[in-house]
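Student: Below are the structure tokens for one structure; questions will follow.
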Amino acid sequence: MNELEKRFSTETDCRSYLFFLRWPNGFICPRCGHNKAWEMKDGIFWCMSCSYKASITSGTIFERTRKPLKDWFRVIWWITSQKYGASAKGLQRMLGIGSYETAWTWLHKLRRAMVRQGRDRLAGEIEVDETFIGGEKHGGKRGRGAIGKTLVLIAAQREGKKLGRIRLRCIPNASAETLERGILDAIEPGSVIRTDGWLGYNRLEDLGYTHKIIKTDAVVGDNLLPACNMVTSLLKRWLGGTLQGAVSHEHLDYYLDEYTFRFNRRTSRYRGKLFYRLLQQAVITDGVTYNEIKRGIRGPKPVTYNF
Ligand SMILES: [Zn+2]
């Protein structure tokens, strides 16, 4: 933290770092693509060709923020240094800010930058399954039709016997159409996908995957999809522990993003790398307002979630 305060002690320090993340090869006008600009004060760049005034923070999660970038950097550092995740209460304490609402909003803005959905898909050997959050699988159709719980699609990459990276997302149901969309978004075609014998997975071969069905007539209690089972239990422990179950279903997708971000970088030994990664994603993620977050609307992203 001391090192961070030294490195980013002024707004100018923070802005030059954002500049480097956003335009690593030098300024590019967001409107006309020209590469020369006059640098004005407060992080404004005036395009020499079309006179457009580009703000270093426009089109990033820092857009329209009234708080100093220095504070944002501190928060990002703090979040990425929390091994098990960050709660709004913890952030409120760290920042010494009075309002829980502000801390909550900051966290949600940053969660939106944690996973770039639709990019960087998993590849190789992947297990896929669904789980209910807020309840257990039970009832008819093996629980896939239960009411009042949130269904989450899990894709877990296997690297030999070890767990690789994961992707998680809320899904409205376990129909073939829903599952296929989720899988296409999370997994590269050509990969090997293991699932149980649920009918919703029947057409995966048509989508370009190699599909291996793990027989469902095995003895109950067999660990048929060990990677998915492991992820499910870790995720539930995290939701119940760090966040003390205080997750509303409208926002579950964002918590899943945070969990995924941390999980996929769990072996990263340098916290500084997570800090860098989150900032890097923050400058390419559009900003959202408190009201938009409250309504549970995803920031304007390239991939639609309404399926
Ligand atoms: Zn321009």
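Student: Can you name the number of the only condition in (1) surrounded by 13 or more Cβ atoms within 10 Å (Cβ to Cβ); (2) more than 16 Å from the ligand (Cβ to nearest atom); (3) assigned to a loop (DSSP other than H, G, I, E, B) that Leu4 fails?
Tutor: (3)
Student: Continuing with this model, one more query. If I ask for residues that are free of Cβ contacts under 8 Å to residues at least 12 places away in the same chain and either under 18 Å from Trp238 (Cβ atoms) or charged (D, E, K, R) (or both), which ones from the stretch 91-119 would you list?
Tutor: Correct list: Arg93, Arg119.
Student: When Glu101 is evaluated against the numbered criteria (1) modelled with pLDDT of 85 or more; (2) among the charged types (D, E, K, R); (3) within 18 Å of the chain's Cα centre (by Cα), which criterion, by number, is the only one it fails?
Tutor: Just one mismatch for Glu101, condition (3).
Student: Residues being assigned to a loop (DSSP other than H, G, I, E, B) and either within 16 Å of the ligand (Cβ to nearest atom) or not hydrophobic (A, V, I, L, M, F, W, C) (or both): count how many of those fall in the stretch 31-80.
Tutor: 26
Student: Take the stretch 36-63 and flag every residue that is of a type in the set (Phe, Trp, Tyr) and either in contact with a Pro (Cβ under 9 Å, 6 or more places away or on another chain) or open to solvent by 30 Å² or more (accessible area, probe 1.4 Å) (or both). Walk me through how you get there before you give the answer.
Tutor: Residues of the stretch 36-63 that are of a type in the set (Phe, Trp, Tyr), as a first pass: 38, 45-46, 52, 62.
Passing the criteria: Trp38, Trp46, Tyr52.
Student: Looking at Tyr100, Tyr84, can you tell me which residue is of a type in the set (Phe, Trp, Tyr), away from the ligand (no atom under 16 Å from the Cβ), within 30 Å of Ser268 (Cα to Cα) and open to solvent by 70 Å² or more (accessible area, probe 1.4 Å)?
Tutor: When all the criteria are applied, what remains is Tyr84.
Student: Continuing with this model, one more query. Since Leu21 meets every condition but one in (1) more than 14 Å from the ligand (Cβ to nearest atom); (2) modelled with pLDDT of 90 or more; (3) surrounded by fewer than 16 Cβ atoms within 10 Å (Cβ to Cβ), which condition does it not meet?
Tutor: (3)
Student: So Ser81 ticks every box in (1) polar (S, T, N, Q); (2) touching a Gly at 6+ places or on another chain (Cβ under 9 Å); (3) in contact (Cβ under 8 Å) with a residue 12 or more places away in the chain but one. Which box is left unticked?
Tutor: Of the numbered conditions (1) polar (S, T, N, Q); (2) touching a Gly at 6+ places or on another chain (Cβ under 9 Å); (3) in contact (Cβ under 8 Å) with a residue 12 or more places away in the chain, the odd one out for Ser81 is (2).
Student: Does Glu11 satisfy being within 16 Å of the ligand (Cβ to nearest atom) and either without any contact (Cβ under 8 Å) to a residue 60 or more places away in the chain or surrounded by 15 or more Cβ atoms within 10 Å (Cβ to Cβ) (or both)?
Tutor: Here the answer is no, as Glu11 does not meet what is asked.
The values are calculated or read from the model by the stated rules, or taken from the named source; none is laboratory data. Note that this is a predicted model, so its numbers are computed, not measured. A quick note on method: Cβ atoms are made from the backbone with ideal geometry, for glycine too, and the neighbour counts reach across all protein chains shown. Remember, those area values only see protein heavy atoms, side chains included, never the ligands or the DNA or RNA. Shrake-Rupley method; radii C 1.70, N 1.55, O 1.52, S 1.80 Å.
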